[in-house]
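First the structure, in the form of structure tokens, and then the observations on it.
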Amino acid sequence: VRGGLEPERIGVITPFRAQAAQIRRVLGIDHETTGLQRRVTVDTIERYQGQERDLILVSLSASDPRFIRLRADFLFQAERWNVAVTRARLKTVILASPGLLMTAESLADDGHEGATCFASLIKHLRRHTC
């Protein structure tokens, strides 16, 4: 917003409803908010399907390797990632903990299909990020 992008052109996507609610609380977004924060949309990947914004921030909350392994099928489902990374018109920013990235790589090495897709996406982004 400070760089000139209108708030209604920004979206935040996360896999978990609880994290979306927490992000809204931190940003001061609630049903009574009418200012700047109300125009930034924050929701789950599923609820964002069919919507687009110029800038999408994908916020991944998981960092505990045990939790990530337990929720791997949910977190790394290819169809969900397709939705997450195709909502942006101009730019997607993925925010993830080192623990999530390392666990995804480990799961990919173990043959987990979704984690393999996710790890491949991250490797591609690392090679092509300015």
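The values are calculated or read from the model by the stated rules, or taken from the named source; none is laboratory data. Source: prediction; values computed, not measured. Every residue, glycine among them, receives a Cβ derived from its backbone with ideal geometry; neighbour counts consider all protein chains shown. Calculation scope for accessible area: heavy atoms of the full protein, side chains included, ligands and nucleic acids excluded. Shrake-Rupley method; radii C 1.70, N 1.55, O 1.52, S 1.80 Å.
Restricting to the range 1-18, and then to whatever is of a type in the set (Gly, Ala, Ser) and not in a strand (DSSP E or B), can you tell me which residue is surrounded by the most Cβ atoms within 10 Å (Cβ to Cβ)?
Ala18
Taking the range 37-47 as the search range and keeping residues that are in a helix (DSSP H, G or I) and modelled with pLDDT of 90 or more, which one is surrounded by the most Cβ atoms within 10 Å (Cβ to Cβ)?
Top of the filtered list is Ile45.
Do you know which of the residues in the range 93-123 that are surrounded by fewer than 18 Cβ atoms within 10 Å (Cβ to Cβ) and hydroxyl-bearing (Ser, Thr, Tyr) is nearest to Gly11 (Cα to Cα)?
Ser97
Which of (1) hydrophobic (A, V, I, L, M, F, W, C); (2) exposed (fewer than 13 other Cβ atoms within 10 Å of the Cβ); (3) at pLDDT 90 or above is the odd one out, the single condition Ala21 does not satisfy?
If we test Ala21 against (1) hydrophobic (A, V, I, L, M, F, W, C); (2) exposed (fewer than 13 other Cβ atoms within 10 Å of the Cβ); (3) at pLDDT 90 or above, just (2) comes out false.
Residue by residue through the range 78-130, note down the ones that are assigned to a strand (DSSP E or B) and of a type in the set (Lys, Arg).
Arg89, Lys91
Would you pick out the residues in the range 69-109 that are under 18 Å from Ser120 (Cβ atoms), among the aliphatic types (A, V, I, L, M) and free of Cβ contacts under 8 Å to residues at least 60 places away in the same chain?
Selection gives Ala72, Ala78, Val83, Val85, Ile94, Ala96, Leu100, Leu101, Met102, Ala104, Leu107, Ala108.
Out of (1) farther than 26 Å from Thr41 by Cβ; (2) among the charged types (D, E, K, R); (3) touching a Gly at 6+ places or on another chain (Cβ under 7 Å), the odd one out for Arg87 is which?
With respect to (1) farther than 26 Å from Thr41 by Cβ; (2) among the charged types (D, E, K, R); (3) touching a Gly at 6+ places or on another chain (Cβ under 7 Å), Arg87 is out only on (1).
Tell me, please, whether a residue that is surrounded by fewer than 16 Cβ atoms within 10 Å (Cβ to Cβ), within 22 Å of Arg126 (Cβ to Cβ) and not β-branched (Val, Ile, Thr) can be found in the range 26-36.
No, the conditions are met nowhere in the range 26-36.
Residues being open to solvent by 70 Å² or more (accessible area, probe 1.4 Å) and either modelled with pLDDT under 90 or not in a helix (DSSP H, G or I) (or both): count how many of those fall in the range 51-77.
Going through the range 51-77 one residue at a time, the tally reaches 3.
Tell me the residue from Arg39, Arg9, Arg66 that is in contact (Cβ under 8 Å) with a residue 40 or more places away in the chain and of a type in the set (Lys, Arg), please.
Going through Arg39, Arg9, Arg66 in turn, just one is in contact (Cβ under 8 Å) with a residue 40 or more places away in the chain and of a type in the set (Lys, Arg): Arg9.
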